[in-house]
Amino acid sequence: DTNLEYIKNIRKSVKKDKLILQQKTVQQPIDPEDCLISTEENPFPTVEARRQRSYLEEEGITGRHVDLFRNENGIIDAQDSDKNLPEFPYNGGFCDAPVVLYEDIPQIKPPLYKYIAGLDDYKQEESSGDSVGSITIYNRETGRIAAIYNARPDPHKKFHKNCHYLLELFNAECFMENEDMGLKEYLDKLHLTDKYLVKGIDFLADIGMQGNSKRKYGWHPTPKNKSFLLGILKNNLTEEIELDDGSTMLGITAIEDVGILDEILTFKKGQNVDRITSFMTVLGYDYYLTANYITPDIPKEIKENQK
């Protein structure tokens, strides 16, 4: 008991430095899983990520797996799906996966900027690539993921159609990497590009001004931009949230998606992280909107329902 208390006191004394905390956890493990934590090039709170992942498994929190479709009235609807999620790590091949909902589909059209989206698309039509497309729908009011879709269906346009359905359902603008413009080409044909895609933003210039990149939409994946967005993600995961009882928890406990947690736990520089990329992209757009005081305009009927 004395040794256990000693180790806990050490961890408590370094809890503000996540890297040192991870090192101490590996060097002086209390739980067998502590030995599996890797600190090499991983800036994220892996101790808490592993605990959150275990919690989700123990509680059976998986979200609702659905297929989206447009019904006979032209309204997008969802039905439960038995499709499998992409394996992790993804080793190639086509994967027609379900959309995962962590919130109910809105029954009233949400106000603009309540929900926003981050997208990481993939380039090849072939099944040999090790990437999946990933789009994350984020609720700015709750600070939680409302829906996520990770897949590599055949044909590629099926991925873009599901992205479109999600954007329409949640009335969300989509911010994306601008190297892969497949969704733009899809929306161009529907004349919906300017409605759903966010214009280019230069994070390294004045955050209140849109960038002058040659590319009209999204963000350019330069090392500096990637580093900036990874920093936003790290701050989000390690932010201390105060609860009603006075206790605190880290922001990572708001993540209910096992796929994102798996990428966090195994993160290394240069590694292909589709889910992290779409998540940090939507957090970057939230950062931009917040810095510019852009908030949802709540319609009167929704305010009354909330009351």
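For the pair F88/E185, report the inter-label distance in nm, with labels modelled 7 Å from Cα in the Cβ direction.
Inter-label distance under the simple model: 3.0 nm.
Can you give me the distance in nm between label points at D104 and T222, each placed 7 Å from the Cα along the Cα-to-Cβ direction?
4.6 nm
Would you calculate the separation in nanometres between label points at D194 and T248, each defined as 7 Å from the Cα along the Cα-to-beta-carbon direction?
In this crude label model, D194 to T248 measures out at 4.6 nm.
Tell me the accessible surface of T193 in square angstrom (1.4 angstrom probe, heavy atoms of protein chains only), to the nearest ten.
Near enough 10 Å² of accessible area.
Over segment 236-294, give the accessible area per residue in Å² for a 1.4 Å probe, as an integer.
That works out to 43 Å² for each residue.
How long is the gain from T142 to E41 if the chain were fully straight, where each residue apart is worth 0.36 nm and the alpha carbon distance is subtracted?
The T142-E41 span can extend by a further 33.3 nm.
To the nearest 10 square angstrom, what accessible area does T295 show with a 1.4 Å probe?
Using a 1.4 Å probe on the heavy atoms, I get roughly 90 Å².
Averaged per residue, what accessible area in Å² does segment 127-168 show with a 1.4 Å probe, protein chains only?
With all protein chains present, segment 127-168 gives 29 Å² per residue.
The values are calculated or read from the model by the stated rules, or taken from the named source; none is laboratory data. The structure displayed is predicted, hence computed values, not measured ones. When we count neighbours, we look across all protein chains shown, and the Cβ atoms used for this are built from the backbone with ideal geometry, even at glycine. These accessible areas exclude ligands, DNA and RNA; they are computed on the full protein's heavy atoms, side chains included. Shrake-Rupley method; radii C 1.70, N 1.55, O 1.52, S 1.80 Å.
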